[in-house]
Amino acid sequence: MLKKSMAVFAAGALAVLGLAACSDSTAQSTKKASADRPAAQEQTVNVGTLATEDFLPMWKAEKEKLFAKQGVKVKISVFSSAQELSAALAAKAIDGAMTDIPVAASLTKGGTPMTLSWVTLGQTAKEGRFGIMVGPKSKVRDLKDLAGTPIGVGSGTMLEYVMDRLMLNAGVEKSQIMKEELKKLPVRFQLVMQGEAEAGVFPASLLALGELQGAKVIAEDTAGENLSQSVMAFRSDFVKDRAGQKAVKALRAAWDAAVKQINANPEMQRELMVANTKLADPLKATYPVPHYPAAARPQAESVKSVLEWMKEKGYADSLSYDPKSGALKKA
């Protein structure tokens, strides 16, 4: 290359210095603009739930800003029924929800494939409580007394699955396990308490309320075989791309951080639990704050048992579960 004159060299050097200064100024401006726009870079995840204690760590994460620490925004929507929550998932109004295996399986059957991301309650039998309860004046003493007697429950639900398994485990013949279709829990509870229904299947909070009012829980799933789990499940189309996977990973981390705080001092979370759940007034001061599990997918055996039961009952066609990815698929 030919040498340039000193004048040209000096002019070029000044130009380079000017460009460098300009570049540095631009970089600083870009860096500042990026710092001023962190919210725009965070992904928003829309999550649904019912007003139950199963979801408490997510409310804790929201309160303590644990989602923000993981770089994700979460919008929580509370639904009044499982039917409304399922409709929101099918319409893609929400990305995921706290639900259970039968609901996720039914959505998958109906054309909205779901992925089970982690268990919210029920990693062990002691977590969560479902049971069969009779009214204060009932003479029923054990499950065998209910052989051939209709038990109040909603079809295709985790509660019905627990009922069937508890009855079978007690030695009641399958042909003698009968149900009375009572989908609405408040109605079911009232009928059992008044003696108009012989027995019903209920979640923990209503079992506790019934016991306070003289009802008898004759069987529950907190000992022996682990029958029931609630889960965080997401639409499979949401988690199939990297953005969705990253968001769910962030939510899992926030969940785990919240769980550590709750389990370290459960009683300190009572106010938050009462504010976000539909606990009856007599339970607000005494109902135990649950122990929560770290985020882990449901075990294959647990999911397979529920899916086989749903197929046998005619609630769903053959479905498969991949324990590695958590995906439910039509077989």
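The values are calculated or read from the model by the stated rules, or taken from the named source; none is laboratory data. What you see is a predicted model; the values in this text were computed from it and never measured. Ideal geometry is used to build each Cβ from the backbone, glycine not excepted, and the neighbour counts take in all protein chains shown.
If you go through region 179-195, how many residues are in contact with a helix residue (DSSP H, G or I) (Cβ under 8 Å, 6 or more places away or on another chain) and within 9 Å of G135 (Cβ to Cβ)?
First pass over region 179-195, keeping only residues in contact with a helix residue (DSSP H, G or I) (Cβ under 8 Å, 6 or more places away or on another chain): 179, 182, 185, 189, 192-193.
From the residues that got through so far, the ones that are within 9 Å of G135 (Cβ to Cβ) too are 192-193.
Residues in region 179-195 being in contact with a helix residue (DSSP H, G or I) (Cβ under 8 Å, 6 or more places away or on another chain) and within 9 Å of G135 (Cβ to Cβ): 2 in total.
With at pLDDT 95 or above, in the same structural domain as H291 (by TED's automatic domain parsing) and among the basic types (K, R) as the only criterion, which of R235, R188 stands out?
Details: R188 fails: in the same structural domain as H291 (by TED's automatic domain parsing).
So the residue among R235, R188 that is at pLDDT 95 or above, in the same structural domain as H291 (by TED's automatic domain parsing) and among the basic types (K, R) is R235.
Do any helices (runs of 4 or more DSSP H) entirely within region 204-312 hold 1 or more residues that are touching a His at 6+ places or on another chain (Cβ under 8 Å), and if so, which? Step through it out loud before you land on a result.
Working: elements: 204-212, 236-239, 242-264, 270-276.
Correct list: 242-264.
Contact annotation: residue pairs with Cβ atoms under 6 Å, 6 or more positions apart or on different chains, pairing a residue in region 235-257 that is over 18 Å from K73 (Cβ atoms) with a partner that is of a type in the set (G, A, S), are S236/A327; D256/A294; D256/A295. For V140, the test of being surrounded by 16 or more Cβ atoms within 10 Å (Cβ to Cβ), β-branched (V, I, T) and either out of contact with any helix residue (DSSP H, G or I) (no Cβ under 6 Å at 6 or more places or on another chain) or in contact (Cβ under 8 Å) with a residue 40 or more places away in the chain (or both) is passed.
Can you find even one residue in region 155-167 that is of a type in the set (S, T, N, Q) and under 19 Å from M310 (Cβ atoms)? Steps first, answer last, please.
First, pick out the residues of region 155-167 that are of a type in the set (S, T, N, Q): 155, 157.
Still in the running and under 19 Å from M310 (Cβ atoms): 155, 157.
Looking for residues that are of a type in the set (S, T, N, Q) and under 19 Å from M310 (Cβ atoms), one finds at least one in region 155-167, hence yes.
Among the listed residues K324, K260, K313, identify the single one that is at pLDDT 95 or above, of a type outside the set (F, W, Y) and more than 24 Å from G128 (Cβ to Cβ).
Values: K260 fails: more than 24 Å from G128 (Cβ to Cβ); K313 fails: more than 24 Å from G128 (Cβ to Cβ).
Of the residues listed, the single one that is at pLDDT 95 or above, of a type outside the set (F, W, Y) and more than 24 Å from G128 (Cβ to Cβ) is K324.
Remark: pairs (first residue in region 81-93, farther than 19 Å from K184 by Cβ and without any contact (Cβ under 8 Å) to a residue 24 or more places away in the chain; second residue hydrophobic (A, V, I, L, M, F, W, C) and surrounded by 17 or more Cβ atoms within 10 Å (Cβ to Cβ); Cβ separation under 8 Å; 6+ apart in sequence or on different chains) = A90/L107. Candidates M114, M133: the one that is crowded, with 24+ Cβ neighbours inside 10 Å and either of a type outside the set (A, V, I, L, M, F, W, C) or over 30 Å from E198 (Cβ atoms) (or both) is M114. Just one of the listed residues (A170, A215, A208) is over 26 Å from K284 (Cβ atoms) and surrounded by 15 or more Cβ atoms within 10 Å (Cβ to Cβ), namely A170.
Across region 151-167, what is the number of residues that are surrounded by 16 or more Cβ atoms within 10 Å (Cβ to Cβ), in a loop (DSSP other than H, G, I, E, B) and out of contact with any Ser or Thr (no Cβ under 9 Å at 6 or more places or on another chain)?
Here is the first cut: in region 151-167, the residues surrounded by 16 or more Cβ atoms within 10 Å (Cβ to Cβ) are 151-154, 156-167.
Checking the rest, the ones that are also in a loop (DSSP other than H, G, I, E, B) come to 154, 156-157.
In the following step, the residues that additionally are out of contact with any Ser or Thr (no Cβ under 9 Å at 6 or more places or on another chain) were identified as 154, 157.
Qualifying residue count, region 151-167: 2.
Can L66 be described as more than 24 Å from N263 (Cβ to Cβ) and not small (G, A, S)? Spelling it out, it is not the case that L66 is more than 24 Å from N263 (Cβ to Cβ) and not small (G, A, S).
Just one of the numbered conditions (1) within 24 Å of the chain's Cα centre (by Cα); (2) modelled with pLDDT of 95 or more; (3) more than 27 Å from L85 (Cα to Cα) is not true of S205: (3). Of the residues in region 182-202, at least one is under 17 Å from R141 (Cβ atoms), assigned to a helix (DSSP H, G or I), of a type in the set (A, V, I, L, M) and out of contact with any Phe, Trp or Tyr (no Cβ under 7 Å at 6 or more places or on another chain). A count restricted to region 133-160 and to residues that are within 30 Å of A296 (Cα to Cα) and either small (G, A, S) or not assigned by TED's automatic domain parsing to the domain that holds A208 (or both) stands at 3.
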